[in-house]
1. If only one of Leu55, Leu59 is over 27 Å from Gly193 (Cβ atoms), surrounded by fewer than 21 Cβ atoms within 10 Å (Cβ to Cβ) and of a type in the set (A, V, I, L, M), which one is it?
2. Out of everything in region 113-132 that is under 18 Å from the mean Cα position of the chain (by Cα) and either within 16 Å of the ligand (Cβ to nearest atom) or over 26 Å from Glu201 (Cα atoms) (or both), what residue ends up being surrounded by the fewest Cβ atoms within 10 Å (Cβ to Cβ)?
3. Of the residues that make up region 171-188, is at least one buried (at least 19 other Cβ atoms within 10 Å of the Cβ), without any contact (Cβ under 8 Å) to a residue 60 or more places away in the chain and not hydroxyl-bearing (Ser, Thr, Tyr)?
4. Quick one: what pairs do we get from region 62-87, first residue surrounded by fewer than 18 Cβ atoms within 10 Å (Cβ to Cβ), second charged (D, E, K, R) and part of a loop (DSSP other than H, G, I, E, B), C-beta under 6 Å, 6+ apart or different chains?
5. I'd like to verify a number: residues in region 76-95 that are near the ligand (Cβ under 9 Å from one of its atoms) and either assigned to a loop (DSSP other than H, G, I, E, B) or within 29 Å of Val176 (Cβ to Cβ) (or both), how many?
6. Can you tell me which of (1) more than 16 Å from the ligand (Cβ to nearest atom); (2) at pLDDT below 95 is the one Gly110 doesn't meet?
7. Name the single residue, out of those in region 224-243 being β-branched (Val, Ile, Thr) and in contact (Cβ under 8 Å) with a residue 12 or more places away in the chain, that is surrounded by the most Cβ atoms within 10 Å (Cβ to Cβ).
Amino acid sequence: MTPGRNPRDQRDQFVPGKRLSGYWKYQFHIRAEEGLAVHGGETGLEIGSTVEPNLRVILNPRTGYPYIPGSSLKGKLRSTLEKILGKYDAQKGTPCACGKADCPVCVIFGAARATSYVLPSAPTRVVVRDAQLTETAREDWDAAIRDKKPALELKTESLSNRATGAAQHPRTGERVPPGAEFLGEIVLREFAGDDGAKFIETIQKVMRFVAESDGVGSGISRGSGKVSFHDVKIDQQKAPTFP
Ligand SMILES: [Zn+2]
């Protein structure tokens, strides 16, 4: 294992005899149907801001626009597939580490186990890119800034005293407003013997399930994070051949 690398990342694990034969590119729009609480940005603390530092929407440091980190989307798809297959260990909260060749979780997302030998499921097939705002959503964002309107919405949540109903500990967090759209991209690498179409089908089923029953970001049980996926494009490419 190379120091400084995520031990779970078996993407570049050397697998004798498995030839990289191509890839499938799955592109889609992620539309916020409710405000998205994709937090994690502690940067840009404003003096006098009412927003809690850890409830700030994560912004792309290069562009200043919100985005959905690939790691967050990947984690959601992975844990959902684990739950559907009964491989989710809620007690330990640890991801599937079986490393079996027939485990869709370990094959697609990688086994959560660092070993000095090659697991039958390796290498990790999926690459989940960060989902950046679409062109239209960027224009809306720019227009809001230009008109000195808030580009993000604020949501205040409080715990209520169950006996008296009185609100306690109100906390204000930022959300990407409903209607915003992001460009998602998932790549599935296909090795000799793989059924790439099946990987895509698995991802699609999980995404549909997430859209219907779950969401993206935090506060999903409290009215945040509902998304829809649409404008889907699927592209299959074969690896280049060499004489
Ligand atoms: Zn597994």
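1. Numbers: Leu55 fails: surrounded by fewer than 21 Cβ atoms within 10 Å (Cβ to Cβ).
Answer to the selection: Leu59.
2. Within region 113-132, the subset under 18 Å from the mean Cα position of the chain (by Cα) is 124-132.
Imposing the further condition that a residue be either within 16 Å of the ligand (Cβ to nearest atom) or over 26 Å from Glu201 (Cα atoms) (or both) reduces the set to 124-126.
Values: Thr124: 19, Arg125: 24, Val126: 21.
Among those residues, the one meeting the criterion is Thr124.
3. no
4. From region 62-87, the pairs are Pro69/Asp130; Gly70/Arg129; Gly70/Asp130.
5. Taking region 76-95 as the starting set, the residues that turn out to be near the ligand (Cβ under 9 Å from one of its atoms) are 82, 85, 87, 95.
Narrowing the set further to residues that are either assigned to a loop (DSSP other than H, G, I, E, B) or within 29 Å of Val176 (Cβ to Cβ) (or both) leaves 82, 87, 95.
Selection size over region 76-95: 3.
6. The one condition Gly110 does not meet is (1).
7. As a first pass, look at region 224-243 and keep what is β-branched (Val, Ile, Thr): 227, 232, 234, 241.
From what's left, in contact (Cβ under 8 Å) with a residue 12 or more places away in the chain: 227, 232, 234.
On the way: Val227: 25, Val232: 12, Ile234: 12.
Here the answer is Val227.
Here is a yes/no grid of residues against (1) closer than 26 Å to Lys238 by Cα; (2) at pLDDT 95 or above; (3) within 16 Å of the ligand (Cβ to nearest atom); (4) of a type in the set (S, T, N, Q):
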| residue | (1), (2), (3), (4) |
| --- | --- |
| Arg5 | no, no, no, no |
| Gly22 | yes, yes, no, no |
| Gly40 | no, no, no, no |
| Thr43 | no, no, no, yes |
| Glu52 | no, no, no, no |
| Leu55 | no, no, no, no |
| Lys74 | yes, yes, yes, no |
| Ala97 | no, no, yes, no |
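The values are calculated or read from the model by the stated rules, or taken from the named source; none is laboratory data. Not measured: the values here are computed from a predicted model. Because the Cβ atoms are built from the backbone with ideal geometry, glycine has one as well, and the counts that use them run over all protein chains shown.
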